[in-house]
1. Residue by residue through segment 40-60, note down the ones that are under 15 Å from Gln19 (Cβ atoms) and either among the charged types (D, E, K, R) or out of contact with any Cys (no Cβ under 7 Å at 6 or more places or on another chain) (or both).
2. Pull out all pairs, ordered by first then second residue, where Cβ-Cβ is under 9 Å, the residues are six or more apart or on different chains, the first lies in segment 12-41 and is of a type in the set (Gly, Ala, Ser), and the second is in a helix (DSSP H, G or I) and surrounded by fewer than 17 Cβ atoms within 10 Å (Cβ to Cβ).
Amino acid sequence: MASGFGWHGNRSRCFTHWQEFAKCYAGTDRPAECMPAAEDYLECLHHTKEKKRAQIIQAQFAKVAEERAKDSRKAAEITADGVIVGLGLMSKDKTQEKS
């Protein structure tokens with residue numbers, strides 16, 4: 001990944017973050033100062049914070065849908081499918097998850 005080449009021969013999507021981290025790390029005596037750059041690079045690679053936020057949004061959506069119509073069949077259908085899942089932010093199961 002740090003070579004700068006992506007899957008199609010162009011720059012990889014995270015290469016600029018890697019360059020910022022490498023520049024910081026090479027120019028400092030205290031590597032702890034480069035933690036924000038390292039976190040940005042890792043977030044670009046793995047999207048951990050983005051996935052966590054999407055899970056929180058999906059949970060909040062389900063909670064609001066259940067509160068609006070507790071005994072309604074339609075509320076159960078909305079919660080089962082979920083608009084957030086329909087937007088592609090979250091997959092219904094782990095096998096469909098895109099990296």
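1. Keep residues of segment 40-60 that are under 15 Å from Gln19 (Cβ atoms), which gives 40-42, 44-45.
Within segment 40-60, Asp40, Leu42 meet the criteria.
2. Ala37/Glu20; Ala37/Ala22; Ala37/Lys23; Ala37/Cys24; Ala37/Tyr25; Ala38/Cys24; Ala38/Tyr25; Ala38/Pro31
Every residue, every condition in (1) surrounded by 11 or more Cβ atoms within 10 Å (Cβ to Cβ); (2) modelled with pLDDT under 75; (3) assigned by TED's automatic domain parsing to the domain that holds Phe5; (4) more than 21 Å from the chain's Cα centre (by Cα), yes or no:
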| site | (1), (2), (3), (4) |
| --- | --- |
| Phe21 | yes, no, yes, no |
| Cys24 | yes, no, yes, yes |
| Gly27 | no, no, yes, yes |
| Arg30 | no, no, yes, yes |
| Glu33 | yes, no, yes, yes |
| Tyr41 | yes, no, yes, no |
| Ile56 | no, no, no, no |
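The values are calculated or read from the model by the stated rules, or taken from the named source; none is laboratory data. Keep in mind that what you see is a predicted model, and the values were worked out from it rather than measured. Virtual Cβ from ideal backbone geometry, glycine too; neighbours counted across all protein chains shown.
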